Amino acid sequence: MRKSLVALSVLAASAVPAVNAADYSDDIHKNDYSWSQFNLMAAVDEKGAGPESTHDYLEMEFGGRSGIFDLYGYVDVFNLTSDSGSDKDGAEKIFMKFAPRMSLDGLTGKDLSFGPVQELYLATVMEWGGNSGVNSQKIGLGSDVMVPWLGKIGLNLYGTYDSNEKDWNGFQVSTNWFKPFYFLDNGTFISYQGYIDYQFGMEDDAAYQSSHGGAMFNGIYWHSDRYAVGYGLKLYNNVYGFEDGAALPWAPEAESSGVGHYFSVTYKF
């Protein structure tokens with residue numbers, strides 16, 4: 001699983017210029033768009049709530065805008081061939097992430113932009129499944145921000161509700177970006193795209209828990225209108241709040257810090 005990407009969490013959607021509430025005055029849906037794609041992925045040395053993992057998976061990724069609503073999401077399907085030799089054999093087959101945001105500019109009918117901040121949102125994230133046993137929901141304040149060179153990035157701050165424990169537990173700050181930086185004569189381009197998810201203020205009363213943790217994904221991708229091919233370097237530190245090297249109730253130890261590699265081939269619908 002990747003990417004609160006990407007999420008890579010922006011991909012094609014981030015290439016669409018941001019719009020402010022003032023642009024909705026005559027037709028709230030005039031800036032609507034949608035996109036979807038399939039990514040065939042290979043993860044090498046992926047870190048998480050258990051042993052390091054190298055595996056394949058298929059990801060359906062999607063997003064768009066409809067009026068005041070902004071959406072990003074994906075569904076991952078692991079061990080496509082049900083290979084008994086895979087380290088995902090016997091694990092949960094599917095991981096899902098949905099991240100809808102509601103524009104506060106559009107909701108109030110006021111332009112809330114200031115400085116580099118283009119738009120404000122009520123931001124949410126819902127995550128389920130996967131070998132990590134993740135079942136959490138997040139809610140907070142989101143924004144689109146213009147920064148030098150990268151252009152528009154998403155920047156969100158959430159409080160986290162752990163549905164497994166039926167309790168609020170810590171916070172998460174997330175950002176994502178998509179920057180085409182080299183254009184070829186045939187109309188294709190190379191992009192730098194990625195995201196950061198960092199959790200903090202979490203309970204660490206169990207020996208295997210950490211009060212903080214996160215990951216940063218750095219991807220270099222070639223894009224055409226219909227296809228993309230890329231590589232991503234992912235940096236982990238106590239990801240999901242599991243203390244690196246600690247013994248887990250369900251595994252010998254957590255390999256939750258270090259470096260992972262992701263290779264992908266994409267078809268865009």
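A few comments on the model shown:
- Residues in region 56-78 that are touching an Asp or Glu at 6+ places or on another chain (Cβ under 6 Å) and more than 30 Å from Asp27 (Cβ to Cβ): 3 in all.
- Some residue of region 33-42 being part of a loop (DSSP other than H, G, I, E, B) and out of contact with any Pro (no Cβ under 9 Å at 6 or more places or on another chain): no
- Top-ranked residue in region 50-73 [being under 25 Å from Tyr240 (Cβ atoms) and small (Gly, Ala, Ser); ranked as modelled with the lowest pLDDT]: Gly50
- Scan of region 52-80 for residues that are small (Gly, Ala, Ser) and either surrounded by 21 or more Cβ atoms within 10 Å (Cβ to Cβ) or in contact with a Gly (Cβ under 8 Å, 6 or more places away or on another chain) (or both), ordered by number: Gly63, Gly67, Gly73
- Residues that are of a type outside the set (Gly, Ala, Ser), under 16 Å from Asn176 (Cα atoms) and not in a loop (DSSP other than H, G, I, E, B), drawn from region 102-151: Val117, Gln118, Glu119, Leu120, Tyr121, Thr124, Val125, Leu141, Asp144, Val145, Met146, Val147
- Residue tally, condition part of a strand (DSSP E or B), out of contact with any helix residue (DSSP H, G or I) (no Cβ under 8 Å at 6 or more places or on another chain), surrounded by 13 or more Cβ atoms within 10 Å (Cβ to Cβ) and not β-branched (Val, Ile, Thr), over region 152-167: 7
- Within region 47-77, tally of residues that are closer than 22 Å to Val125 by Cα and not in a loop (DSSP other than H, G, I, E, B): 19
Per-residue answers, yes or no, for (1) farther than 22 Å from Tyr236 by Cα; (2) at pLDDT 95 or above; (3) touching a helix residue (DSSP H, G or I) at 6+ places or on another chain (Cβ under 8 Å):
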{"position": "Trp35", "(1), (2), (3)": "yes, yes, yes"}
{"position": "Val44", "(1), (2), (3)": "no, yes, no"}
{"position": "Gly48", "(1), (2), (3)": "no, no, yes"}
{"position": "Val75", "(1), (2), (3)": "no, yes, no"}
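The values are calculated or read from the model by the stated rules, or taken from the named source; none is laboratory data. None of the values given here were measured: they were computed from a predicted structure. Please note: Cβ atoms are built from the backbone with ideal geometry, for glycine as well, and neighbour counts cover all protein chains shown.
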